[in-house]
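Working notes, beginning with the structure itself.
The values are calculated or read from the model by the stated rules, or taken from the named source; none is laboratory data. Here the structure is a predicted model, which means the values were calculated and not measured. Note that we place each Cβ from the backbone using ideal geometry, even for glycine, and neighbour counts take in every protein chain shown. These accessible areas exclude ligands, DNA and RNA; they are computed on the full protein's heavy atoms, side chains included. Shrake-Rupley method; radii C 1.70, N 1.55, O 1.52, S 1.80 Å.
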Amino acid sequence: MAKKDSLYFSHDHNAKDDEKILELRAEFGAEGYGIYWMLIESMFNNNGYLNRGAIGGLCLGYGVAKDTLKPIIDFGISIGLFSVDGIPHDMFTSIRVLDHLEFREKAISNGKKGAKVRWNKTKNGDPNGGGNGDPNPTPIPVKERKVKESKVSKEKKSRKFIPPTLDE
């Protein structure tokens, strides 16, 4: 990935076989399919919306001419891959992108709520504890670990040091 803070969105493994995508591919080939996914990625980076009236930057970024990009966008709108319903003039979106962005926002919000609850609980006065809210939790017993002695260390312990004689 290009950026460390890139966000993931699901891409169905069989998206190429969707009936609307098949229409797009029949009209514009693999180039149209690739541009479709570039548009989807751009929507994710722009809160779910793109402006048809300002596609010059997209053309530059995608490395395609306006007369290539504009017909793909218009065709995508005409077959329902993109939507213009209920949004400001010249803007378009993908309902799937909007749904995913909404799902992600809920997940982030729920995660923050869970973290707040987790950090506000205490266990035995430890602010990092979690517990289940029991004011007198039962302590968890700690199991002692037995350490095996190696044969070498047993031999060393059993032998007493005897100083060498003068002859030795």
Just wondering, is there one or more residues in segment 63-81 that are in contact (Cβ under 8 Å) with a residue 60 or more places away in the chain, at positive phi and either surrounded by fewer than 13 Cβ atoms within 10 Å (Cβ to Cβ) or not aromatic (Phe, Trp, Tyr) (or both)?
yes
Only unsatisfied item for GLY57, checking (1) assigned to a helix (DSSP H, G or I); (2) farther than 18 Å from VAL97 by Cβ; (3) touching a residue at least 24 places away in the same chain (Cβ under 8 Å), is (3)
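Each row is one residue, and each column tells you yes or no for (1) surrounded by 11 or more Cβ atoms within 10 Å (Cβ to Cβ); (2) at pLDDT 85 or above; (3) of a type in the set (A, V, I, L, M, F, W, C).
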| position | (1), (2), (3) |
| --- | --- |
| HIS11 | no, no, no |
| ALA15 | yes, no, yes |
| GLU19 | no, yes, no |
| LEU24 | yes, yes, yes |
| GLY29 | no, yes, no |
| ILE35 | yes, yes, yes |
What are the residues in segment 88-113 that are of a type in the set (Asp, Glu) and either under 27 Å from the mean Cα position of the chain (by Cα) or open to solvent by less than 40 Å² (accessible area, probe 1.4 Å) (or both), if any?
ASP99, GLU102, GLU105
Residues of segment 66-100 being of a type outside the set (S, T, N, Q), closer than 23 Å to GLY29 by Cα and in a strand (DSSP E or B), which ones?
PHE92
Among the numbered conditions (1) modelled with pLDDT of 90 or more; (2) under 27 Å from the mean Cα position of the chain (by Cα), tell me where PHE75 comes up short.
(2)
Going by what's in this entry, would ASP85 be described as open to solvent by 30 Å² or more (accessible area, probe 1.4 Å) and either β-branched (Val, Ile, Thr) or farther than 18 Å from ASN45 by Cβ (or both)?
yes
Residue check for ASP74: among the acidic types (Asp, Glu) and farther than 20 Å from ARG96 by Cβ:
no
